[in-house]
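Read the structure below first, then the notes.
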C-alpha cells in the first residue's frame, strides 16, 4: 500500500518538500489543500498531485499530514483538523503530523489538539529556502509517539530536499536562527561581495556571478575537505597579500561579531515566538 501525503498549505516550502517527495511516493499519492483553492490547484498540477476539498479531508487522507502554514494561522488549522485526527487515533490509524511553524513546540501543538487528538504522532521540522532547489537543511525533532519506522520513512521523504538531521527539540530555535534565517544573511553577503566587485570596476553581471560562485565554492571546500574554515582561510591569505588586507578590513568592521549577533537575534526572535 502506497504512502499518502497531505499538505495543508501550498506556499514555497510546502511546494519544495512535496516536489521532493514525488520521487519517493509518486505524485498521485500527494494531496494539497489551501485556503486559496487556485493556489493549491497550481501546486498540484505542477507535480501531478491531487486536491483535498478541506483541511479535514487532508487530515483523513494522509499518512503524513504536513502543516505548511504560517504560525499565525496554525491554531485555526489545528482546531479544524483535531476531530478527524482524534477519530483516526481511536481507530489505531493515526497519521504523522509534520509541522514547520517556527515557535510552535510539540507540547503547544499537542495541547491545542486537545485530549482526543493530543497524542497523534508529531514531528517538527525546520527547513530553509534552499530546499526549493534540493540544497536545503532540514532539522527534525519527533514526539515520543512517532514510531521509529515512521521517522525513518519521513527522513527518506525529506532527503530529496536536502540534508536531513535529527535533533532534540530544544535545539530547533537555534536551528531557526542559523540555517533557517541564514540563507538571507548569505544572500546579503553575496550582494555585498558583488557591490565590492562593481566598486573595483567589474560589470554588475560578472560581479554577481563571481560572488555567488565564490560563496558556493567556499562552502563546498568546507564540506568536502572537512577542514576548519579558519585553516582554509589561512591557506588563502599570503603574508602581505591582498587577502589578508581584505580580512583586516572585515575585522575592522566587526564582521564576525555582526554575523554572530545576527544569528543570535534570529534565535531570540524564535524563542519569543514560542
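The values are calculated or read from the model by the stated rules, or taken from the named source; none is laboratory data. Since the structure is predicted, the reported quantities are computational estimates derived from the model, not experimental observations. Using ideal geometry, Cβ is built from the backbone for each residue, glycine included, and neighbour counts are taken over all protein chains shown.
Given the conditions (1) assigned to a helix (DSSP H, G or I); (2) under 17 Å from residue 266 (Cα atoms); (3) at pLDDT 95 or above, report the number of the one that residue 173 does not fulfil.
So residue 173 meets the others, but not (3).
Within the stretch 126-166, how many residues are in a loop (DSSP other than H, G, I, E, B) and farther than 15 Å from residue 18 by Cα?
Count: 5.
Assess whether residue 204 counts as being surrounded by 14 or more Cβ atoms within 10 Å (Cβ to Cβ), farther than 30 Å from residue 66 by Cα and either at pLDDT 95 or above or assigned by TED's automatic domain parsing to the domain that holds residue 139 (or both).
no
Inspect all residues belonging to the stretch 148-155 and state whether any of them is touching a helix residue (DSSP H, G or I) at 6+ places or on another chain (Cβ under 6 Å) and touching a residue at least 12 places away in the same chain (Cβ under 8 Å).
The answer is no, given that none of the residues of the stretch 148-155 is touching a helix residue (DSSP H, G or I) at 6+ places or on another chain (Cβ under 6 Å) and touching a residue at least 12 places away in the same chain (Cβ under 8 Å).
Being in a helix (DSSP H, G or I) and either touching a helix residue (DSSP H, G or I) at 6+ places or on another chain (Cβ under 9 Å) or within 22 Å of residue 168 (Cα to Cα) (or both): is that true of residue 97 here?
no
What number of residues in the stretch 103-125 are farther than 19 Å from residue 70 by Cα and either within 21 Å of the chain's Cα centre (by Cα) or in a helix (DSSP H, G or I) (or both)?
Counting residues in the stretch 103-125 that are farther than 19 Å from residue 70 by Cα and either within 21 Å of the chain's Cα centre (by Cα) or in a helix (DSSP H, G or I) (or both) gives 5.
Sort through 68, 35 and tell me the only one that's crowded, with 19+ Cβ neighbours inside 10 Å and in contact with a helix residue (DSSP H, G or I) (Cβ under 9 Å, 6 or more places away or on another chain).
It is 68.
Quick check on my filter: what residues within the stretch 38-55 are in contact (Cβ under 8 Å) with a residue 12 or more places away in the chain and either outside the structural domain of residue 10 (by TED's automatic domain parsing) or surrounded by fewer than 17 Cβ atoms within 10 Å (Cβ to Cβ) (or both)?
39, 42, 46, 48, 50, 53, 54
Which of (1) surrounded by 11 or more Cβ atoms within 10 Å (Cβ to Cβ); (2) touching a helix residue (DSSP H, G or I) at 6+ places or on another chain (Cβ under 9 Å); (3) at pLDDT 95 or above is the odd one out, the single condition residue 256 does not satisfy?
(1)
Taking the options 52, 7, name whichever one is in contact with a strand residue (DSSP E or B) (Cβ under 6 Å, 6 or more places away or on another chain) and closer than 20 Å to residue 136 by Cβ.
Matching residue, one of 52, 7: 7.
Given 232, 250, 273, which one is without any contact (Cβ under 8 Å) to a residue 24 or more places away in the chain and surrounded by 13 or more Cβ atoms within 10 Å (Cβ to Cβ)?
Among 232, 250, 273, only 232 is without any contact (Cβ under 8 Å) to a residue 24 or more places away in the chain and surrounded by 13 or more Cβ atoms within 10 Å (Cβ to Cβ).
Just need a number here: residues in the stretch 207-226 that are surrounded by 12 or more Cβ atoms within 10 Å (Cβ to Cβ) and part of a loop (DSSP other than H, G, I, E, B).
Qualifying residue count for the region: 0.
Output the residues belonging to the stretch 100-117 that are touching a helix residue (DSSP H, G or I) at 6+ places or on another chain (Cβ under 7 Å) and either surrounded by fewer than 15 Cβ atoms within 10 Å (Cβ to Cβ) or over 22 Å from residue 5 (Cβ atoms) (or both).
Passing the criteria: 103, 105, 112, 114, 116.
Is one or more of the residues making up the stretch 83-94 touching a strand residue (DSSP E or B) at 6+ places or on another chain (Cβ under 8 Å) and part of a helix (DSSP H, G or I)?
Within the stretch 83-94 (the criterion being touching a strand residue (DSSP E or B) at 6+ places or on another chain (Cβ under 8 Å) and part of a helix (DSSP H, G or I)), the answer is yes, since at least one residue qualifies.
Please name all residue pairs, on different chains or six or more residues apart, with Cβ atoms under 9 Å, provided the first residue is in the stretch 63-82 and is in the same structural domain as residue 103 (by TED's automatic domain parsing) and free of Cβ contacts under 8 Å to residues at least 24 places away in the same chain and the second residue is part of a strand (DSSP E or B) and surrounded by 23 or more Cβ atoms within 10 Å (Cβ to Cβ).
Between residues of the stretch 63-82 that are in the same structural domain as residue 103 (by TED's automatic domain parsing) and free of Cβ contacts under 8 Å to residues at least 24 places away in the same chain and residues that are part of a strand (DSSP E or B) and surrounded by 23 or more Cβ atoms within 10 Å (Cβ to Cβ), there is no close pair.
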